[in-house]
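The values are calculated or read from the model by the stated rules, or taken from the named source; none is laboratory data. Bear in mind that the values here come from a model prediction, so they are computed numbers and not experimental data. Positions of Cβ are generated from backbone atoms using ideal geometry, with glycine treated the same way; all protein chains shown enter the neighbour counts. Side chains included, ligands, DNA and RNA excluded: accessible areas come from the protein's heavy atoms. Shrake-Rupley method; radii C 1.70, N 1.55, O 1.52, S 1.80 Å.
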Amino acid sequence: MIREFHTPRTVDAAVALRTELAGKACYLAGGTELGSTAFRTESPQEVISLAQVLSTAISADDGGLLLGAGCTLQTISVSENVPKVLRDAAKLVANRNIRNMATLGGNIASNKTFASMLPALVVFDAQLELADAGGGRSTVGIMTYLGRGGRELILAVRIPKKPGRRASTAKLSKSANDIATLVVAASYVPDNDRVREPRLAVEGVADHVVQLDSIEAWLEGSPLPSRDAITDRVSDVVTPKTSIKGSAEFKTYLAGTMIADALHRAAADTRKVNA
Amino acid sequence: MKIRLTINGKARELEVAPGESATAALKKAGCGGLRNGCDGQGSCGACAVQLDGELVNTCILLAPQLAGRSVKTIDGISHFRDVSPLQSAFIDAGVVQCGYCTPSMLLAVEPLVAQPEAPTREQVMDAMSGVFCRCTGYEQFVGAVELARERTKNPAAKGNVAKVYRDDLKFVGRATGKVDGAHLARAGKAYVEDRVDADACHIKLLRSPYAHAYIKSIDTSAAEAMPGVVMVVTHKNCPDINYSQAGQGYPEPSPYDRKMFGEKVRHIGDRVAAVMAESQELAAAALEKIVVEYEVLEPVLTIAEASAAGAPRVHKGPVDFISGTPDDLDNSDADPRDGRITYLFPIHADIRRNIAASVSGGIGDLDKGFAEADVILERTYKSSQVQCTPLEPHAVYTKLVEGRLVVHAATQVPWHLRRMFARLLDLPENRIRVIKEHCGGAFGAKQDMVLEEIAAFCTWTTGRPVSHRFTREEEFVSSRTRHPIEFQVKLGAKKDGKLTAVYMGVKANTGPYGQHCLTVPMNAVSKSLPLFLCDNAGFDVVTYYSNIPPAGAYQGYGAPQGAFAMQMAMAELAEELGLGQLDIVEMNRVGEGSWLEILRCLGEGRPGKPEQVFSCGLKTGLALGREMIEWDKKETHQDPDIAIGKGLAIVQQGSGLPGLDASNATVTMFGDGTFMLLSGGTDLGTGLDTVSTKFVAETLCVPMEAVSIIAADTDATPFDVGAYASSGTYYSGGAALNAAKGLKNIILDIASEMLGEPVEHLDMLYPGIIKGKNKQVTYAEIAHETQSGVGCGQLTFTSNFTGEAPSFPYGTHFCQVAVNTRTGNVKLQKYYAFQDSGTPINPELANGQTFGGVLKTIGHSLFEEMVLDDEGRCLNPNLLEYIVPMSGDVPDDFRSILVHTDEPFGPFGAKSISEIACGGAAPAIATAIHDAVGVWIRSWPFTPEKLLRAMGKL
């Protein structure tokens, strides 16, 4: 039962409240998780609205692209400043009403299987600008943040420039609005037919998004392997569980196939992303 | 806390609780049109509003999140009684069916009407992507937006919403809009939830956690002691009467195999107790206080388990018969805790073997037919358990009015409900009034009495008003679902493809109780075998009891399952013979003039007899489909991983139940020459009231606005069996037509006297004039004459409609799929439904019925499925995990083409629409998948995993 609804006006005030109300309060951005009987995992006594705190701006500078954590997925999906693959990733949430409400920061912080943007953000080496409990600001890589079960408030997401990068993302779901069985994303920088800086991420083979480090290491510096070779490698390293969405065998097969396809699709896409 | 916001352009200040949902806060603020279909998941969009111009689901927003924002609700779209261009476009384009999602849909697409550039189809679909509509299939919204944009520039714009099918008539066969369209588009009060008084009590049900168990003891004392709890109902104090919940005509073929509350529970979610309390919260809290001790039994979930030797018995109670008691009836081993089963007539059940019903039959000589065959093909097919998912869950509101029981129900069968209440409450029918409210979707689920009788009992016992509404989860676990059916199809044919023998074995799973246990599985046969003409045909139908959630009626009523099996087998036979699918269908199909001999042994409610087909649009549908989808051209895709295939199916349904169904209507002239139509027909959002109004207006030569309609109120309107078996247009509409014809004769007689001219010299002219050779008289003058002190009295005529002709509607469905051979994903590129429903009375609504029926069954084919665990628990009892088709699932090219035939026995040449649309999708898609990748998927749903396994990739 929520008994208090706080509307801080500054980031520092929001962070201070969260610290003060530790264990009792949680942040509220779009509300698609906290408000939904399907996704709510916390029952806070108090909520801290971020409506007046988070930036909703999208801007670009020499360092790359900066997306305010308050941007809705709908805003991202139609922004011409955003690389197409990230726009596609935002639109993987097919439900317009949810895209109108869900925020980028919330999508990352939830780190659940419905967080369809995460694989794409991972393969774009997204950096998160955070406000920590002590009032400081820091920047960390998205996987670092997720890996440590990040609790800091996400203020913005920076997509570093990477000339020549090619990327692709895709999902498989039973229906348009179904929460994806699997979401994959892949990127790399072509270097005279060699793969450089490959990034592979998959959502749906574990409770949270997984970056396929060992496959990335295998790919680094090599010519792009065949799809079958990539499929076999990926299938060796993912360990999904059987669920209502499909058997472990199916998801394993799918992860390998979809990653392989995403990499080859990226290779075939001659547009330079985020150059 | 106080929040300031803008609602529909006006500054407001609301007092809200920090954790209050935005839906609740906006309702308290007087906003209309906020509905609930998903219990706060945020998956249905029925509660949507525009927030700062963007559509959001208020059920997942907290009220304080509205602070400082601008909210637009449906009330902001219309002005007083006027409808906006968008609302009028919705009505005229036929996208207002049940109306439950209409406010959200209007708000979803409204920005597209105002934007400078014309929206693409993709943009319209995306705008609607968060709003679930089970009725319309989404396609016609594209045209509605286009029409609305035209109307903002030219209010008189008509658009091109549907073809005209009867040039010679004013209303029939052309789009006119729906008579209740404006009311629903303005979100007027229409549904059960809109009738609930502030002092109503509420019911919550305690449901069984076990699939099969006896209740050893139940202690309700703590619950009953709670302040605000009015009563608790269990098997100890409910009426000791066994009955069926099936809303069928008496004598029902469904067995009376349950009580209101039983001492035995037979599925997870079965009723254990009901708490009636002064608030929902109190009722829920009281449920927690009820202590139940169970004796848990082994459940049976599948047909294999139920039919196994020595299987646990779902029913062990004593059996009796109203008629046809068998000589060997033996109740010596009956367990009274299981409750009595009464059969109104034998349905060949054997509860010792968990057989709820069975029937066999055939024509010709099967052995001879198979002996003559050059090729014999034998295959098995399976359908899965799918749920009707009306956007509005089951709801009822009961109260006493001057000592009579008044029931506001979202039901398809108001008169059957009254009859069942009378028996259960030991009341004469004149003490009961059932008012059918608008239904937010029904689709068969609301043919049955799944919660109404508890509320009626509570109100009759306590004298207090009671509201009861299912949650979405309850809708899944205790409403109605399609019977899972296993088919064995055996076909014999000559080398040229001519059938020599056809056999269909049907094993169905009815779940814990036997509502529709005989008729649905039998319909799987009676709607699929007659499509192909063969002198030697036979069938065996066996329906089993089990401990899965209850099955029952669902739009199509067994025909979609039967069509899947039969059409697939024919396609497989074609492959075996090296013939084309379309060619073997053409060679063997039914056509105009055909006699359907197999119906000799497939009578429903009375002995069967061969029937002749007088109108059949299959020939036209097949020819059009072949041309439009370029059947003979093999398509390729630029992506080598994508394989494209084409498939088809032909389907048949009925137009009501000849010899069983009956409808009545009364037309009365008012003092100014306008009319009131009292119709027993039950409009579920399908447009039946519009059909009936058209028939009267057309017959009496007056504008449709001169005919008002009151329908489906057991006090106010005459009897009708209700809305099922696709009977609405044919029977209920037929009754309205007959009443109008009767009144027309009376009007002519009166006019003859007034004009002093013989009737044969008179013409009835539009709008409401009787013209003789010398003079004329208006309806207003006739009304004045007849209603004055010296007149003959107010002119009125009551008539009925019964029928002997089956008037089969036919459908031909073609589709083109793109299968991703890497992932198994199936994309529907094209879907064309050629629908022969005789004369389309409301063409725009007939198209909507077709789109809606097809998309439902596309869902069943590709992803919908109730998943049960080993204990019988449904693992996906919500819209999000069960998955229902949304606008993103609409085929890229989706068309409904009405094939106009003239049925000699139907009103204005009409046959039925609706159910006929549900049979084609599964076989058309499955055969297209085979054409694409060479594998036969013989069970629903055709998931990527299933395809990959069939393709040998897993």
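When the residues of region A:238-256 are narrowed to those that are in contact with a strand residue (DSSP E or B) (Cβ under 9 Å, 6 or more places away or on another chain) and part of a helix (DSSP H, G or I), which ends up nearest to the other protein chains (Cβ to nearest Cβ)? The extreme case among them is A:Leu254. Which one is nearest to the other protein chains (Cβ to nearest Cβ) among residues in region B:45-66 that are of a type in the set (Val, Ile, Thr) and in contact (Cβ under 8 Å) with a residue 12 or more places away in the chain? In this case the residue turns out to be B:Ile60. Test B:Asp632 against the criterion of being over 27 Å from the mean Cα position of the chain (by Cα), outside any helix (DSSP H, G or I), surrounded by fewer than 16 Cβ atoms within 10 Å (Cβ to Cβ) and not polar (S, T, N, Q), and give yes or no. So B:Asp632 fits the description; yes. Has region B:588-596 got any residue that is buried (at least 18 other Cβ atoms within 10 Å of the Cβ), of a type outside the set (D, E, K, R) and under 24 Å from B:Ala926 (Cβ atoms)? The answer is yes; a qualifying residue exists.
Would you check if there is a residue in region B:10-22 being surrounded by fewer than 17 Cβ atoms within 10 Å (Cβ to Cβ), closer than 21 Å to B:Tyr100 by Cα, out of contact with any Cys (no Cβ under 8 Å at 6 or more places or on another chain) and at pLDDT 95 or above? Checking region B:10-22: not a single residue is surrounded by fewer than 17 Cβ atoms within 10 Å (Cβ to Cβ), closer than 21 Å to B:Tyr100 by Cα, out of contact with any Cys (no Cβ under 8 Å at 6 or more places or on another chain) and at pLDDT 95 or above. Considering the conditions (1) within 14 Å of chain A (Cβ to nearest Cβ); (2) crowded, with 24+ Cβ neighbours inside 10 Å, B:Ile913 is excluded by exactly one of them, (1).
Yes/no matrix, rows are residues, columns are (1) touching a Leu at 6+ places or on another chain (Cβ under 7 Å); (2) buried (at least 24 other Cβ atoms within 10 Å of the Cβ):
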residue: B:His813; (1), (2): yes, yes
residue: B:Thr823; (1), (2): yes, no
residue: B:Lys827; (1), (2): no, no
residue: B:Thr839; (1), (2): no, yes
residue: B:Gly852; (1), (2): no, yes
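Screening B:Phe808, B:Phe814 for residues that are over 30 Å from B:Gly511 (Cβ atoms), away from chain A (no Cβ under 11 Å) and touching a residue at least 40 places away in the same chain (Cβ under 8 Å) leaves exactly one candidate, B:Phe814.
Residues considered: A:Ala267, A:Ala275. Of these, the only one that is assigned to a helix (DSSP H, G or I), at pLDDT below 95, surrounded by fewer than 24 Cβ atoms within 10 Å (Cβ to Cβ) and of a type outside the set (S, T, N, Q) is A:Ala267. Residues that are surrounded by fewer than 24 Cβ atoms within 10 Å (Cβ to Cβ), of a type outside the set (A, V, I, L, M) and either assigned to a loop (DSSP other than H, G, I, E, B) or away from chain A (no Cβ under 12 Å) (or both) do not occur anywhere in region B:918-925. For region A:1-104, the helices (runs of 4 or more DSSP H) that sit wholly inside it and include 1 or more residues that are more than 14 Å from every other protein chain (Cβ to nearest Cβ) are A:11-20, A:84-91.
Can you tell me which of B:Arg69, B:Arg81, B:Arg35 is within 21 Å of B:Tyr191 (Cα to Cα) and either within 9 Å of another protein chain (Cβ to nearest Cβ) or at pLDDT 95 or above (or both)? Reasoning before the result, please.
Working: B:Arg69 fails: within 21 Å of B:Tyr191 (Cα to Cα); B:Arg81 fails: either within 9 Å of another protein chain (Cβ to nearest Cβ) or at pLDDT 95 or above (or both).
From the options B:Arg69, B:Arg81, B:Arg35, the qualifying one is B:Arg35.
For B:Lys178, indicate whether it is among the basic types (Lys, Arg), surrounded by 22 or more Cβ atoms within 10 Å (Cβ to Cβ) and over 19 Å from B:Gly906 (Cβ atoms). Talk me through it step by step, then tell me what you get.
Details: among the basic types (Lys, Arg): yes; surrounded by 22 or more Cβ atoms within 10 Å (Cβ to Cβ): yes; over 19 Å from B:Gly906 (Cβ atoms): yes.
Spelling it out, B:Lys178 is indeed among the basic types (Lys, Arg), surrounded by 22 or more Cβ atoms within 10 Å (Cβ to Cβ) and over 19 Å from B:Gly906 (Cβ atoms).
Find the residue count for region B:818-866, including only residues that are outside any strand (DSSP E or B), of a type outside the set (Ser, Thr, Tyr), closer than 24 Å to B:Ile485 by Cα and within 14 Å of chain A (Cβ to nearest Cβ). I'd like the intermediate steps shown before the answer.
In the first step, residues of region B:818-866 are kept if they are outside any strand (DSSP E or B); the result is B:821-825, B:837, B:839-866.
Next, from what is left, pick out any that are of a type outside the set (Ser, Thr, Tyr): B:822, B:824-825, B:840-849, B:851-856, B:858-860, B:862-866.
Of the ones still in play, those that are also closer than 24 Å to B:Ile485 by Cα are B:852-856, B:858-860, B:862-866.
Imposing the further condition that a residue be within 14 Å of chain A (Cβ to nearest Cβ) reduces the set to B:855-856, B:858-860, B:862-866.
Counting residues in region B:818-866 that are outside any strand (DSSP E or B), of a type outside the set (Ser, Thr, Tyr), closer than 24 Å to B:Ile485 by Cα and within 14 Å of chain A (Cβ to nearest Cβ) gives 10.
Would you confirm whether or not region B:13-32 contains a residue that is more than 9 Å from chain A (Cβ to nearest Cβ), under 21 Å from A:Ile179 (Cβ atoms), assigned to a loop (DSSP other than H, G, I, E, B) and in contact (Cβ under 8 Å) with a residue 40 or more places away in the chain? So far as region B:13-32 goes, no, none of its residues is more than 9 Å from chain A (Cβ to nearest Cβ), under 21 Å from A:Ile179 (Cβ atoms), assigned to a loop (DSSP other than H, G, I, E, B) and in contact (Cβ under 8 Å) with a residue 40 or more places away in the chain. Go over the candidates A:Ala167, A:Ala133 one by one and state the one that is more than 14 Å from chain B (Cβ to nearest Cβ) and open to solvent by less than 10 Å² (accessible area, probe 1.4 Å). That would be A:Ala167, the only listed residue that is more than 14 Å from chain B (Cβ to nearest Cβ) and open to solvent by less than 10 Å² (accessible area, probe 1.4 Å).
Contact annotation: residue pairs with Cβ atoms under 7 Å, 6 or more positions apart or on different chains, pairing a residue in region B:773-791 that is hydroxyl-bearing (Ser, Thr, Tyr) with a partner that is surrounded by 15 or more Cβ atoms within 10 Å (Cβ to Cβ), are B:Thr778/B:Gly673; B:Thr778/B:Gly768; B:Thr778/B:Ile769; B:Tyr779/B:Met669; B:Tyr779/B:Gly673; B:Tyr779/B:Gly768; B:Thr786/B:Ile750; B:Thr786/B:Leu795. The set of residues in region B:301-312 being open to solvent by less than 50 Å² (accessible area, probe 1.4 Å) and touching a Phe, Trp or Tyr at 6+ places or on another chain (Cβ under 8 Å) consists of B:Ile303, B:Ala306.
Take the conditions (1) crowded, with 22+ Cβ neighbours inside 10 Å; (2) in contact with a strand residue (DSSP E or B) (Cβ under 8 Å, 6 or more places away or on another chain); B:Arg186 misses just one of them, which is (2).
Can you confirm whether B:Arg121 is buried (at least 18 other Cβ atoms within 10 Å of the Cβ), out of contact with any Lys or Arg (no Cβ under 7 Å at 6 or more places or on another chain) and not hydroxyl-bearing (Ser, Thr, Tyr)? Steps first, answer last, please.
Numbers: buried (at least 18 other Cβ atoms within 10 Å of the Cβ): no; out of contact with any Lys or Arg (no Cβ under 7 Å at 6 or more places or on another chain): yes; not hydroxyl-bearing (Ser, Thr, Tyr): yes.
Taking the combined requirement at face value, the residue does not satisfy it.
Here B:Ser129 clears all of (1) open to solvent by 20 Å² or more (accessible area, probe 1.4 Å); (2) within 12 Å of chain A (Cβ to nearest Cβ) except the condition numbered (1).
Can you tell me which residues in region B:704-743 are among the β-branched types (Val, Ile, Thr) and either more than 17 Å from B:Met764 (Cβ to Cβ) or at pLDDT below 95 (or both)?
Those that are among the β-branched types (Val, Ile, Thr) and either more than 17 Å from B:Met764 (Cβ to Cβ) or at pLDDT below 95 (or both): B:Ile709, B:Ile710, B:Thr714, B:Thr717, B:Val721, B:Thr729.
Scanning region A:177-216 for residues that are open to solvent by 20 Å² or more (accessible area, probe 1.4 Å) and farther than 22 Å from A:Pro160 by Cα, we see that the one that is nearest to the other protein chains (Cβ to nearest Cβ) is A:Asn177. Of all residues in region B:869-902, those satisfying the criterion of being away from chain A (no Cβ under 14 Å), assigned to a loop (DSSP other than H, G, I, E, B) and at pLDDT 95 or above are B:Glu871, B:Gly872, B:Val899, B:His900, B:Thr901. For region B:734-775, a residue qualifies if it is part of a loop (DSSP other than H, G, I, E, B), out of contact with any strand residue (DSSP E or B) (no Cβ under 7 Å at 6 or more places or on another chain) and either open to solvent by 30 Å² or more (accessible area, probe 1.4 Å) or hydrophobic (A, V, I, L, M, F, W, C) (or both), and the qualifying residues are B:Gly756, B:Pro758, B:Tyr766, B:Pro767, B:Lys773, B:Asn774, B:Lys775.
Summed over region B:81-108, residues that are open to solvent by 10 Å² or more (accessible area, probe 1.4 Å), among the polar types (S, T, N, Q) and assigned to a loop (DSSP other than H, G, I, E, B) total 1. For B:Gln447, the conditions (1) in contact (Cβ under 8 Å) with a residue 60 or more places away in the chain; (2) surrounded by fewer than 24 Cβ atoms within 10 Å (Cβ to Cβ) are fulfilled apart from (2).
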